[in-house]
Structures are given as structure tokens and as C-alpha cells.
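Asks: Got a structure for you, written out below as C-alpha cells; questions coming shortly.
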Amino acid sequence: MEPHRLNAQLLGSGLPAEDAQWAFLESVVSRTNTRGVALFIHKPLFDRDSCEAAVNQRYVIPNSRRRLLDVLGGASLRLVASGHVHQHRRHRVGEVEHCWGPSTAYVLPDRMQPRIGHKRVGYIDYTFHASRVDVRVVESPDLTNHDLDDFPLAYGPELQPAGTRPSEGPFAGGKDATATGQIVVE
């Protein structure tokens, strides 16, 4: 197995590092030959269909998604594994399994995020074989199914329901996030 890094935050950024990442990705794909490829990326590529045009913070933006899928079109893509939405869902599009990994920390209440998958904490156990990938959801008894409503200051007071907002909180200044993923070539 040969892992390579892919930074989802660079997609569509226009930063010089994005061009370098596209060149790197093209070079990796050119070396896969007929080996199966699994893409691990922070955000899901789309909801149901790769042609979706809506720009949404939940998914990779359409222009970057199209380019990524074009580049990966030269590979034997078998799996797109992602997280980001704090919900587990699996669906197949063509020959590609799309698996959203659940959060290991907490779930978001329906008032903050529509339910489009399974809202439970856990993790995914992937087992790679020559011609397939086995995907198993693990809901460990060691993980607690916290609801974000149990932690009112986690995303700042402005996202709390009226009447429950504290005047200030430790996260009031916002937060900085980065995300990287991997491409795995069997």
C-alpha cells in the first residue's frame, strides 16, 4: 500500500500550493496502473451525484470536484472515504463506494444539520483486498454518543438556541481548521 497526502483545504483555493498539489496528484494517478485506488479526503465529494452544482460547505466545491474526478478518472478508483459531516453514510456511484465516516467526538443536533446519514459516534474499519474493500462501522462502547447540544460553547454562542446563549465563550473568536486526506494505492 502506498499512501500519498491530499489537502482538501487547498481545493479551489487558488494558492500556489494548489497547483503543486494538482501536479502531484496527476503524477500519483499515472503510476497506479491497474491497482485499486482509495481516496481519503476530509469532505465528501457530493451528496448523491457528482454533477450537483450547489456550493455547500458540506461538500467539495463543484469545480474542484469535477477536476478531481477527471484526474482520478485515469485510475481504478474503488473507494472515496470522508468525514466532515458527523454522520455515517454509504452509497455506491458507479463502481465507486462512497463512505462517510462518523465522528468519534459528537453528533450535531438536527436543528444545526439536517439528518442525511446515521448520527452516531464511531469509526470505520477498512480492510483492503486485491479486488475489494471491506467497510465495517464500529460503534465502540468506549465512545459516548455526545450531542453537540451537550456542549453549548463548542461552536460559539451565536449558534445556540435563543435563550441559551452565554454572553461570551472560549470559542467566541472562531477557530482555525485544516484537513488533509490520503490517496491509498493497493
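Asks: If you go through region 1-48, how many residues are under 22 Å from Trp100 (Cα atoms), of a type outside the set (A, V, I, L, M, F, W, C) and modelled with pLDDT of 90 or more?
Replies: Summing the residues that are under 22 Å from Trp100 (Cα atoms), of a type outside the set (A, V, I, L, M, F, W, C) and modelled with pLDDT of 90 or more in region 1-48 gives 6.
Asks: Can you tell me which residue among Val85, Val80 is over 16 Å from Leu6 (Cα atoms), in contact with a Leu (Cβ under 9 Å, 6 or more places away or on another chain), buried (at least 19 other Cβ atoms within 10 Å of the Cβ) and not hydroxyl-bearing (Ser, Thr, Tyr)?
Replies: Selected residue: Val85, the only one of Val85, Val80 that is over 16 Å from Leu6 (Cα atoms), in contact with a Leu (Cβ under 9 Å, 6 or more places away or on another chain), buried (at least 19 other Cβ atoms within 10 Å of the Cβ) and not hydroxyl-bearing (Ser, Thr, Tyr).
Asks: Still on this structure: Could you check region 37-58 and list, in sequence order, the residues that are surrounded by fewer than 20 Cβ atoms within 10 Å (Cβ to Cβ) and free of Cβ contacts under 8 Å to residues at least 24 places away in the same chain?
Replies: Within region 37-58, Cys51, Glu52, Ala53, Ala54, Val55, Asn56, Gln57 meet the criteria.
Asks: Also, I was wondering about something else. Out of all the residues in region 133-142, is one or more closer than 23 Å to Arg78 by Cβ and part of a loop (DSSP other than H, G, I, E, B)?
Replies: No, there is no match, as no residue in region 133-142 is closer than 23 Å to Arg78 by Cβ and part of a loop (DSSP other than H, G, I, E, B).
Asks: Do we have any residue at all in region 57-70 that's among the small types (Gly, Ala, Ser), under 23 Å from Gln113 (Cα atoms) and at pLDDT 90 or above? Break it down into steps so the answer makes sense when it comes.
Replies: First, pick out the residues of region 57-70 that are among the small types (Gly, Ala, Ser): 64.
Keeping just the survivors that are under 23 Å from Gln113 (Cα atoms) gives none.
No, because not a single residue in region 57-70 is among the small types (Gly, Ala, Ser), under 23 Å from Gln113 (Cα atoms) and at pLDDT 90 or above.
Asks: Considering only region 28-36, I want to know if a residue exists there that is closer than 28 Å to Arg120 by Cβ and crowded, with 19+ Cβ neighbours inside 10 Å.
Replies: No.
Asks: May I ask you to say which residue of Ile116, Ile124 is farther than 12 Å from Ala105 by Cα, modelled with pLDDT of 90 or more and part of a loop (DSSP other than H, G, I, E, B)?
Replies: Exactly one residue qualifies, and that residue is Ile116.
Asks: Please verify whether Leu68 is under 29 Å from Thr104 (Cβ atoms) and among the aliphatic types (A, V, I, L, M), treating the condition exactly as stated. Can you show your working first?
Replies: On the way: under 29 Å from Thr104 (Cβ atoms): yes; among the aliphatic types (A, V, I, L, M): yes.
For Leu68, the condition - under 29 Å from Thr104 (Cβ atoms) and among the aliphatic types (A, V, I, L, M) - is met.
The values are calculated or read from the model by the stated rules, or taken from the named source; none is laboratory data. Every value quoted in this text rests on a predicted model; they were computed, and no experiment measured them. Every residue, glycine among them, receives a Cβ derived from its backbone with ideal geometry; neighbour counts consider all protein chains shown.
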